[in-house]
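Please read the structure below before turning to the comments.
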Amino acid sequence: MNKIFFAFTSLVLFGFLGVAKADFVDNGDGLIYDTVQNITWLQQPNYSGINWFNATNWVSGLTQGGVTGWRLPKSTDTTINGYSNTKSGSELGRLYSEIASTTGVGPFSNLNPGFYWSGMTYYNQSSPSGAMAWINDLRDLNNFNGGDAFAVSKESVGYYTLAVHDGDVIPAPTSIPEPASVWLLVSSLICIVGLRMKNG
């Protein structure tokens, strides 16, 4: 009995420790919660080959798990020559550091290697009107510039789009029958069974 209790306790403790250490939690319905950054990723990237404006329109109109309010990920905010290898403050940079590879790993689906749009505009003397935006390099782990940010024209195409939402997004619950409806159904079944027993 003591051995069984010990085994059960060990499994429970191991489960809690595993949850505590997990960086990504699958919330279901295509939603992946990042416990470190406190954001929720869309499990499957969408819309490759579109420009920044179309990517922004797509995420702003997205409804996933019954939830709206999606956006493009944040990138490093810097104006130094349109390039940054700083991962601090970059949601895409950290995502790359944790799971990105040439095949896509972790709880994500079809996380293709390539460049991904961020929602951050790049401003400098050569682009004072904000015509450029940051992209992040999420190619294979052996790539020298992995996770780094580059500034490109917002009209550029050929980049992937991955939606993100602030906080821990839980899918909206599916509708359940109202108590009155359930009681009506149960009452009807009882009546049917009673009539059959009486006739039998």
Margin query: in contact with a Gly (Cβ under 6 Å, 6 or more places away or on another chain) and at pLDDT below 90: is that true of Tyr47 in this structure?
Written below: no
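Got at least one residue in the stretch 28-36 being part of a loop (DSSP other than H, G, I, E, B), under 26 Å from Glu155 (Cβ atoms) and at pLDDT below 90?
Initial filter on the stretch 28-36 (part of a loop (DSSP other than H, G, I, E, B)): 29-30, 35-36.
Filter once more, so that each one left must be under 26 Å from Glu155 (Cβ atoms): none.
No, that holds for no residue.
The values are calculated or read from the model by the stated rules, or taken from the named source; none is laboratory data. Bear in mind the structure is a predicted one, so any value in this text is a computation, not a measurement. We place every Cβ from the backbone using ideal geometry, glycine too, and count neighbours over all the protein chains shown.
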